[in-house]
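One structure is given below, encoded as structure tokens.
The values are calculated or read from the model by the stated rules, or taken from the named source; none is laboratory data. Fair warning: this is a prediction, and the values are worked out from it, not measured in the lab. Cβ placement follows ideal geometry from the backbone for every residue including glycine, while neighbour counts extend to all protein chains displayed. What goes into the accessible areas is simple: the full protein's heavy atoms, side chains included, and nothing from ligands, DNA or RNA. Shrake-Rupley method; radii C 1.70, N 1.55, O 1.52, S 1.80 Å.
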Amino acid sequence: MSQAVLKSAAAADERLARRSPLRRLAGRPEFGALLGAAVLFAFFSVVADAFLRASSFSTVLYAASTFGIMAVSVALLMIGGEFDLSAGVMVTTGALVAALVSYQLTLNVWVGVVISLVVTLGLGLLNGLLYVRTGLPSFIVTLGTFLMLAGANLGVTKLVTGNVASDSIRDMDGFDAARAVFAADLDVGGVRVNVTVLWWLLFVAVATWILLRTRTGNWIFACGGAPGSARAVGVPVARVKVGLFMGVAFTAWFSGMHLLFAYSSVQSGEGVGNEFYYIICAVIGGCLLTGGYGSAIGAAIGAFIFGMTSKGIVYAEWNPDWFKFFLGAMLLLATVVNLVVRRRAEPSR
Amino acid sequence: MKPMKGAGPRPAVAMTATIMATALVLGGCSGSGGKKAEEEAASGAAPGAGPRLKVAMVTHSGPGDTFWDIVQKGARAAATKDNVELLYSADPDGGKQAQLVQTAIDQKVDGIIVTLAKPDAMRDVLAKATAAKIPVVSINSGAAESARLGALVHFGQDETVAGEAAGEQLKKIGATKAVCVVHEQGNVGLEDRCAGAKKTFGGPMENLFVQGTNMPQVKSSITAKLQTDSGIDGILTLGAPFAATAVDSVKETGSDAKVGTFDMNKELIASLRDGSIQFAVDQQPYLQGYLAVDELWLLKNNGNVVGGGRPVLTGPAIVTKDDAGTIAPFADRGTR
């Protein structure tokens, strides 16, 4: 493309200016994260001998998928301009509900799975309605539900089982089938890959389709970017936001089912603190904390960076005392690469 | 903001959901496992003699910790037997734990049971308890500081001694290169366990940090470690739930590493029996709660102090396949 053509097009209307494919790619929210991931991947390939093996890669993917499944819905919610601090403990709630219902009533575990889905979606609906009806910041509303759920997880489990962990449901009807769906190990060309990785990719694909190809996707961007204008042009802001909270609840249910069927009993105190890791994954992947900008693929790359870093440090056999320091430094590195790329790409947007 | 109409479920939808849920519950019974299969172990103790005492127990437990649940059960059993009203409270934050001890002093209790995970935070408030002539018994961690802070007796496990026992046991089952899985970074007790184990183990032993509140991360970290170094043939976890996860990682990687662990729970017994976990180092938390309440009762009713000024050790007790059967009913009940 010649410079003259570019100039005349820009003069006509700068928004219609044609950009080179590379520039267009660089303008995508996930591009910086992609580059950050590539840098980290190259880095760990050099410093850690075991990192490049196929089996190691599957371990990294598993770690990434358990964060990534939640990060997808959390990213959508953040693009819609809201936070959900209850996401971490809601995973535990989902798992506990299924475990307690199945065990205490001696039911087929699938009944517990379905009841758990209803309960978690209800919690997402509650989060959404509380936010919409009160108009309080979602940070406060979900902080409240976060603490309540953390307490209820412990309180109800103790009340029902007399202990602080759910009873093992490994020998109950339907367990093997449910395990095959939520926690199976698949053999892919001689490498064991956990089924969560496939589910993760599916969720990312669905979320990306919703964001980029449907009217709902436009509504999500509009709600997060400029809620006032969105409402003025007829976007059902409240319904979109309630839906986004329920999306987080749905993935929390799914993650909870994985937790339960992979480990067969659940500690009631688990999950606290994970909500921040989900948000971190989304932010590394290019979501803005202020909403209106980001992508599901970015969140997936963010989760991949997180999984790669946390396991790469183990593969590299660095002094474990410094684990969190290295983790923080690597994440900062990835985010800085992301930022630099975005600054450079910004004029082209 | 204008509230959104029609965002809630419609009555008909709610009704259908209820009917479907009921049908599911009725139609989906499990033929195996579950509550029905659980044996109800009836345990009851007759209320004890002596005047009614009020004892406060303040620990540094986080919420939902299996271990502290067992300590509490031991204390409750002794309290029922001894006619003691037990007030339990806990906070992992040193400063807040001290405030809880202060509230116990304000309530003019007859005795205080306290853990000394953060001894410096507890120093002043325990001096106040001594000044108010309230007897203090310390449990669990803090054996070295116990007497200095004015506690009469300490019931606990010396983490270094327990670590040494675990190291010996790991050596005995034929491990030559081991990894010690630490589920809470910066916890002194856990570090002591690994250090003790390293001392007696003989071979190389490395620490591995995992995020204890996130089981998939625990699993993938252990798997990663086993993939990095195929020479690892021994894994020592510092809590029972992590041992089960380590076994999963061993299976997944096809490693021949043997797993041993600290602490106990009911799932662990089954793993000990089928040989997937080789041994458990139990510090008998039930004893810590039970003996502490008993000691305060003895002091009030007979002026006794046990231990001769030295810490009373409640562990380590090594549990292997051989004694798993005997302990199973107690673990099922959640007291071992």
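Compared with the dominant principal axis of the Cα atoms in chain A, helix A:215-225 is inclined by about 80°. Legend: mean number of C-beta atoms from other chains within 10 angstrom of residue C-beta atoms, peptide B:285-298, equals 0. Sorting B:247-260, B:118-131, B:138-151 by average packing, meaning the other beta carbons within 10 Å per residue, from highest down gives B:138-151, B:247-260, B:118-131. Per-residue ellipticity at 222 nm from helix content only, as computed over chain B with -39500 (n - 2.57) for each DSSP H run of at least four residues, stands at -15000 deg cm²/dmol. Taking every DSSP beta bridge that has both ends in the protein assembly as shown, the antiparallel portion is near 20%. Each residue of segment A:147-158 was assigned a 3J(HN,Hα) from its phi angle through the Karplus expression (A = 6.51, B = -1.76, C = 1.60, θ = phi - 60°), giving 5, 5, 5, 4, x, 5, 3, 6, x, 5, 4, 5 Hz with x at Gly and Pro. Here r is the Cβ-Cβ distance between B:T200 and A:A232 and R0 is 45 Å; the resulting FRET efficiency, rounded to 0.05, is 0.05.
Taking the three principal axes of the alpha carbon atoms in the protein assembly as shown, the coordinate ranges are 100, 60, 55 Å, sorted in descending order.
Once you've got the GNM for chain B with C-alpha springs shorter than 10 Å, pick whichever of B:K172, B:K198, B:K300 has the biggest mean-square fluctuation. For chain B, modelled as a Gaussian network with Cα springs under 10 Å, the answer is B:K172.
Among the residues of A:313-323, the average count of other protein chain beta-carbon atoms within 10 Å of the residue beta-carbon is 5.
Just checking the listed ones, B:G303, B:G189, B:G234: in the Gaussian network model of chain B with Cα springs under 10 Å, the one fluctuating most is B:G303. The distance between label points at A:V118 and B:S230 comes to 5.1 nm (points 7 Å beyond Cα on the Cα→Cβ vector). Using a Förster distance of 22 Å, how high is the FRET efficiency between B:A147 and B:V188, based on the Cβ-Cβ distance and rounded to 0.05? Computed FRET efficiency for B:A147 and B:V188 comes out at 0.70. In angstrom, the C-alpha Rg and Dmax of chain B are 23.4, 72. Sorted largest first by accessible area at a 1.4 angstrom probe radius, with every protein chain in place, the residues B:R193, B:R273 fall in the order B:R273, B:R193. Among beta bridges from DSSP that stay inside chain B, the antiparallel ones total about 10%. Annotation: lysines with alpha-carbon distance below 25 angstrom to A:K241 (same-chain offsets under eight excluded): B:K2, B:K5. Stretching A:D49 away from A:R19 to a fully extended chain increases their span by 6.7 nm, per 0.36 nm per residue minus the current alpha-carbon distance. Once the C-beta distance of A:A180 and A:A329 is scaled by a Förster radius of 51 Å, the resulting FRET efficiency is 0.80 to the nearest 0.05. The share of C-alpha pairs in segment A:30-339 whose separation exceeds 31 Å stands at 31 percent. Among the residues of A:191-202, the average count of other protein chain beta-carbon atoms within 10 Å of the residue beta-carbon is 1. In summary, the aspartates and glutamates within cross-link reach of B:K198, defined as a Cα separation below 15 angstrom excluding same-chain residues under 8 places away, comprise B:E159, B:E164, B:E168, B:E206, B:D233.
Mean-square fluctuations from a GNM of chain A, with a 10 angstrom spring cutoff on Cα atoms, peak among A:D49, A:D185, A:D84 at A:D49. The alpha-carbon atoms of segment B:159-282, seen along their principal axes, cover 32, 30, 29 angstrom, with the largest extent given first. Mean residue ellipticity at 222 nm, helices only, chain A: -24000 deg cm²/dmol; runs of at least 4 DSSP H residues each add -39,500 (n - 2.57), and the sum is divided by the number of residues.
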